[in-house]
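Have a look at the structure below before the remarks.
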Amino acid sequence: MKAYIFNIQKFSVHDGPGIRTTVFFKGCPLKCIWCHNPESQSKGKEILYDKSKCSLCGTCIRACRNQAIEIKGKTLMTNMDKCSFKGDCVFACINSARQIAGKEYTLDEVMKEVLKDRVFYKNSGGGVTLSGGEPLIHAEFVEAFLKELKKENIHTAVDTCGYGDFKVIERIAEYTDLFLYDLKITDDEKHILYTGVSNKIIIDNLFKLSKIHDNINLRLPLIEGINADENHILEVLRLIKGMNINKVNLLPYHDIARHKYEKLGRPFAGNMEKPADEKLIRYKEMFEKEGYMVKIGG
Amino acid sequence: MRGYTERTKKLREISTTTQPSISLERALLETEFYEKYYGTVETPVLRALNFKNYMEKRKLYIGEGELIVGEKSEGPQVAPTFPELCCHTIEDMTVMNDRKYISFKVKEEDKKLQAEKIIPYWEKRSMRHKILESMTQEWKDCYAAGMFTEFMEQRAPGHTVADGKIYQKGFLDFKREIEEEIEKLDFLNDPDAYDKKAQLEGMAISCDAIIIYGKRYAQYARELASKETNPKRKEELLWIAGNCDVVPAHKPETFAQALQMYWFVHIGITTELNTWDSFSPGRLDQYIYPFYKKEKEEGTIDYDKARELLECLWIKFNNQPAPPKVGVTLKESGTYTDFANINTGGINPWTGENGVNEISYMILDVMDEMKLLQPSSNVQISVKTPHEFLKRAVEISRKGWGQPAFYNTEELIQELLNAGKSLEDARFGGASGCVETGCHGREAYILTGYLNVPKVLELTLNNGFDRYTGKQIGIKTGNPEDFKSYEDLFHAFVKQLNYIIDVKIRGNNVIEKLFAKHMPSTFMSVLTDGCKESGRDYNAGGAKYNTRYIQIVGIATITDCLSAIKYNIFDNKKFTMGDLLKALESNFEGYAHIRNLVLNHTPKYGNDDDYADNIMLDIFTRVRDLIRGRKTVCGGTYQIDMLPTTCHVYFGSVMGASPNGRLAGKPLADGISPEKGADVKGPTAVIKSCAKMDHSSTGGTLLNQKFTPSSIGGQEGIENVASLIRSYFELGGHHIQFNVIDRQTLLDAQKHPEEYKDLIVRVAGYSDHFNNLEKALQDEIIERTEQAFN
């Protein structure tokens, strides 16, 4: 059993309690236009190319065993149909302009890696967070992974967009100490517009999950001009009223992912902004008034 | 202005704004004394009488508003010189006066006195002269090539710490005990009885010297009081006189007298000789808490009063710049800091229980408020340490200027036990200087110099030839292109290493003898267990325990270098040894592809990657086993430390490019920290890698971690750093310290030093003003990997 993982982030302190290791799975059913990890969206490996570091020296072109790279104007073009992801170009590049996103891991390999930081989990009340991309699309792997972690008595968190088969969620809930459950937009049309999918399943799954699990942190990405307004916050409050949810994380948008889009050669929707601090504080108060514990940031 | 009270605000201001300068008072008194008495008495008596002469005749200083009195020289930031150890040339003095960093102002008339009185007498008599005259050509070649440094070249052995005895006894008591030892001498059967008598007499005279100094202060304070018109100050001066009537002759009775007692002792130790890493009160909170408790119960002291007195003591430490250094000694320790490293917290040394008390918290408050370079304050964290105390310490450390550093109590004790000390003595142990471990008040643990391990590989790759000096300084271990395997190379490296260590230790043996013979330290001997009983000096193996350290520099650099060779040349055949040698020779110019592979695609230390970390372990074990346990000429034992002070910059400057991609002349990695930019997996991976070496078989290791301020914000940030520390210590780590400052600020500070006069950063086992650091070191600190919390 293997899964594509694009990062194993140690000393992760914003994805659940304490010092954690966050395992980022590759592949996501949503295509949020504000996504901070665009390299997580596609399931397979990808080449990241940093044009700003490239001197067009051609070393990578000579190194590539498949003749997949060529110079086009002032940039390099990679023919992805030819690329076999052996990393010849990555090793050859003297400017560190090329990277491969995504690596196949077996369960043993990923367990070995996350167990390295066990002492920190113990002393900080931390553990392992499964994130992505979307962990749910690696259902079998994720379930086995969580089981192994619980066998080792390690605190587990799953960061999910909630878009998946509830049977999977139900199965992994048993081994998940904490769900970090994203809710992006309550209005379905808007949701489809900005994420590419309907939110019906997401909301439905959240409702069902809250019946069988009592440790759910709701995570709200807040993007100025998209969902950072009081009406939307009121909608969210109405939606989750009565659900067994007591913690909310407000995640203000930031544009540090801009360079990642460039490296992937994909357009960056640049007209989004971080909501003003006063707004965030106001929303925090709105949730707090209803009895929720709120944190700005992860 | 910083300071808990108006008084300490003013005193701190003077301490931090006065330009360091040199006074020849001590040198002149000493020269006059030597001209008269040299040859008339045995050496220990001569040295003791010289010390007494200084204490009798030197100028006294009581600053406006001071409550604790005593300075090493004529006032704050004035440094005495020690021509018997290092006789500065006029050129040295000009350099000290003119240099941009770590300057000391020298008066023109003093240069004249130096030329007319000091140099003619001491030029051929100083220890520095004796040492350099006695070294072999091999030693001189290695020294010139920067294979190692020599601590005793300009300064005396020292590097020890007070224990609790000075709070329980006065110097009249110590003198009585010494006289009893003289009474017991057996001239019939003991062939050394005569030497012992001279030593013990010297020690008794040293007691007189410090008692006289205290009495003079009592008298001087009364004199000032008689002229004082402000009634409040008059009363204070009489109070000072009252304290100096009691200490140091008698044991202290009050909290203030306990602090004054320590301070007199500190001045005594650091003016008898210019001991390396000055001196320190060690476990201060443990020793002075009983005084505080008693007085608090009696209602004669409260938090505010005690806090003010502690701040007065802190300022006293800061008033004393390290003795002026020149040449290589300045390069290995380029700072005003004199490394009086105070240990707070840990365990109660008498009971083994948690030692954190009210004074421990008060010391943290003082450290936080004073924000001074000296003393170098640290905390000891034991498994028994309350979480609150750790959190408070982290909270201060997070402010970004490097204090307090964190030490692992259980590991410190284990180190001492492994080195053969009793549990009882080990509990009185702690860190001093930068990170070095010893049994306070019971051990002479003397640092002898830094060892440039990465340069040993450079020699190996050049068959023993040094390109920097253009000489064959190592042994011939073969043409590296003929090595058939990584093991062949490693074997040659170890042979070369063994040779260099032998050269160093041969030199050490001579220097140790020279100090034992010519520079007994009779006052230090009074304060160190074992000297009185053995009738032998601190500098002649008289202490209960005697240890000499060689400090290992650049473990990360050498690990990454060997990893680069093993991984790319032998395991994966990416290029040949010939290619690498050419790349190194050309400083990687024209060899960008090789540099890319070794820099970016090779396993490196600091990432919890066993490939690199196992290489580190191989090197660590070899270096340690080649040094640890060797006997010194006066009956001590060798140990290793893993710390750099500022020597990693100097050692890098004498080297060409190295196989890990480091360019010629660039600094080596500091302490046991990973190479700059090599640790890409975050602080937990760094800690895991660092913890793989057996810290408890060393005398201390140093780990620097740099964070951006935003990455450790909030209450959670404190908890996370606290958990990091607890985890590192659970894994057996010795020490960790933090720089919390962002790169942008440092870059800006480099450009606009005038706007950052207050910016303090952690360097090695100490903090320093960013502006006081030479450019290469500033760059090095900027390049240290910034760990971010994600």
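For a quick check of your reading: which strands (runs of 3 or more DSSP E) sit entirely within region B:367-439 and have at least 1 residues that are β-branched (Val, Ile, Thr) and within 12 Å of B:Gly699 (Cα to Cα)?
Passing ranges, in order: B:436-439.
Checking A:Glu39 against (1) more than 12 Å from chain B (Cβ to nearest Cβ); (2) under 26 Å from the mean Cα position of the chain (by Cα); (3) surrounded by fewer than 17 Cβ atoms within 10 Å (Cβ to Cβ); (4) under 30 Å from B:Ala592 (Cα atoms), which test does it fail?
Of the numbered conditions (1) more than 12 Å from chain B (Cβ to nearest Cβ); (2) under 26 Å from the mean Cα position of the chain (by Cα); (3) surrounded by fewer than 17 Cβ atoms within 10 Å (Cβ to Cβ); (4) under 30 Å from B:Ala592 (Cα atoms), the odd one out for A:Glu39 is (3).
Would you call B:Leu451 out of contact with any Phe, Trp or Tyr (no Cβ under 6 Å at 6 or more places or on another chain) and closer than 30 Å to B:Gly652 by Cβ?
Taking the combined requirement at face value, the residue does not satisfy it.
Only residues that are of a type in the set (S, T, N, Q) and under 18 Å from B:Thr271 (Cα atoms): list them for region B:195-253, please.
B:Ser206
Pull out all pairs, ordered by first then second residue, where Cβ-Cβ is under 7 Å, the residues are six or more apart or on different chains, the first lies in region B:589-614 and is away from every other protein chain (no Cβ under 11 Å) and under 22 Å from A:Val114 (Cα atoms), and the second is in a loop (DSSP other than H, G, I, E, B) and of a type in the set (A, V, I, L, M, F, W, C).
Qualifying pairs under 7 Å: B:Lys604/B:Ala678; B:Tyr605/B:Ala678; B:Gly606/B:Ala678.
Could you list, ordered by first residue, the pairs with Cβ atoms under 8 Å in which the first is in region A:118-136 and on the phi < 0 side of the Ramachandran plot and facing another protein chain (nearest Cβ under 9 Å) and the second is part of a strand (DSSP E or B) and of a type in the set (Phe, Trp, Tyr), at least 6 apart or interchain?
A:Phe120/A:Phe11
Condition check: buried (at least 24 other Cβ atoms within 10 Å of the Cβ), touching a helix residue (DSSP H, G or I) at 6+ places or on another chain (Cβ under 6 Å) and farther than 26 Å from A:Pro38 by Cβ. Does A:Gly133 satisfy that?
Criteria not met by A:Gly133.
Tell me whether region A:118-130 contains one or more residues that are crowded, with 17+ Cβ neighbours inside 10 Å, outside any strand (DSSP E or B) and at pLDDT below 95.
Checked region A:118-130: no residue is crowded, with 17+ Cβ neighbours inside 10 Å, outside any strand (DSSP E or B) and at pLDDT below 95.
Hey, can you tell me all the residues within region B:716-741 that are farther than 21 Å from B:Leu643 by Cβ, away from chain A (no Cβ under 11 Å) and out of contact with any helix residue (DSSP H, G or I) (no Cβ under 6 Å at 6 or more places or on another chain)?
B:Ile741 - this is the single residue of region B:716-741 that is farther than 21 Å from B:Leu643 by Cβ, away from chain A (no Cβ under 11 Å) and out of contact with any helix residue (DSSP H, G or I) (no Cβ under 6 Å at 6 or more places or on another chain).
Listed residues B:Tyr121, B:Tyr143, B:Tyr217; which is surrounded by 18 or more Cβ atoms within 10 Å (Cβ to Cβ), among the aromatic types (Phe, Trp, Tyr) and closer than 29 Å to B:Thr437 by Cα?
B:Tyr143
Only one of (1) within 14 Å of another protein chain (Cβ to nearest Cβ); (2) within 22 Å of B:Pro454 (Cβ to Cβ); (3) charged (D, E, K, R) is not met by B:Asp694, so which one is it?
Only one criterion in (1) within 14 Å of another protein chain (Cβ to nearest Cβ); (2) within 22 Å of B:Pro454 (Cβ to Cβ); (3) charged (D, E, K, R) is unmet by B:Asp694, namely (1).
Residue check: is B:Lys294 within 30 Å of B:Ala431 (Cα to Cα) and more than 22 Å from the chain's Cα centre (by Cα)?
So B:Lys294 passes the test.
Going by the structure shown, is B:Val623 surrounded by fewer than 17 Cβ atoms within 10 Å (Cβ to Cβ) and either out of contact with any His (no Cβ under 7 Å at 6 or more places or on another chain) or closer than 17 Å to B:Leu457 by Cβ (or both)?
So B:Val623 fails the test.
Could you pull out the residue among B:Glu66, B:Glu108, B:Glu74, B:Glu91 that is touching a Lys or Arg at 6+ places or on another chain (Cβ under 7 Å) and either surrounded by fewer than 22 Cβ atoms within 10 Å (Cβ to Cβ) or more than 20 Å from B:Glu30 (Cα to Cα) (or both)?
Of B:Glu66, B:Glu108, B:Glu74, B:Glu91, the one residue that is touching a Lys or Arg at 6+ places or on another chain (Cβ under 7 Å) and either surrounded by fewer than 22 Cβ atoms within 10 Å (Cβ to Cβ) or more than 20 Å from B:Glu30 (Cα to Cα) (or both) is B:Glu74.
Scan (1) touching a residue at least 24 places away in the same chain (Cβ under 8 Å); (2) assigned to a helix (DSSP H, G or I); (3) surrounded by fewer than 24 Cβ atoms within 10 Å (Cβ to Cβ) for the single condition B:Ala249 breaks and write down its number.
(2)
Answer yes or no: is there a residue in region A:103-112 that is in a loop (DSSP other than H, G, I, E, B) and either more than 13 Å from chain B (Cβ to nearest Cβ) or charged (D, E, K, R) (or both).
No: region A:103-112 contains no residue that is in a loop (DSSP other than H, G, I, E, B) and either more than 13 Å from chain B (Cβ to nearest Cβ) or charged (D, E, K, R) (or both).
Does B:Leu273 count as closer than 28 Å to B:Leu447 by Cα and touching a Cys at 6+ places or on another chain (Cβ under 8 Å)?
no
Which residues, counting only those in region B:1-24, are under 25 Å from B:Leu85 (Cβ atoms) and buried (at least 18 other Cβ atoms within 10 Å of the Cβ)?
Matches in region B:1-24: B:Pro20, B:Ser21, B:Ile22, B:Ser23, B:Leu24.
Inside region B:562-671, counting only helices (runs of 4 or more DSSP H) that do not spill past its ends, which hold 2 or more residues that are at pLDDT 95 or above and among the small types (Gly, Ala, Ser)?
Once the helices (runs of 4 or more DSSP H) in region B:562-671 are filtered for at least 2 residues that are at pLDDT 95 or above and among the small types (Gly, Ala, Ser), what remains is B:577-585, B:647-653.
Go through region A:7-30 and count every residue that is more than 14 Å from every other protein chain (Cβ to nearest Cβ) and either under 21 Å from A:Asn215 (Cα atoms) or under 11 Å from the mean Cα position of the chain (by Cα) (or both).
5
Residues being of a type outside the set (A, V, I, L, M), outside any helix (DSSP H, G or I) and closer than 24 Å to B:Met519 by Cβ: count how many of those fall in region B:129-180.
11
Is region A:86-101 home to any residue that is surrounded by fewer than 16 Cβ atoms within 10 Å (Cβ to Cβ) and away from every other protein chain (no Cβ under 12 Å)?
Yes: region A:86-101 contains one or more residues that are surrounded by fewer than 16 Cβ atoms within 10 Å (Cβ to Cβ) and away from every other protein chain (no Cβ under 12 Å).
Counting only residues that are assigned to a loop (DSSP other than H, G, I, E, B) and surrounded by fewer than 18 Cβ atoms within 10 Å (Cβ to Cβ), how many does region A:235-256 have?
8
The values are calculated or read from the model by the stated rules, or taken from the named source; none is laboratory data. Not measured: the values here are computed from a predicted model. Neighbour counts are summed over all protein chains in view; Cβ atoms, including those assigned to glycine, are modelled from backbone coordinates with ideal geometry.
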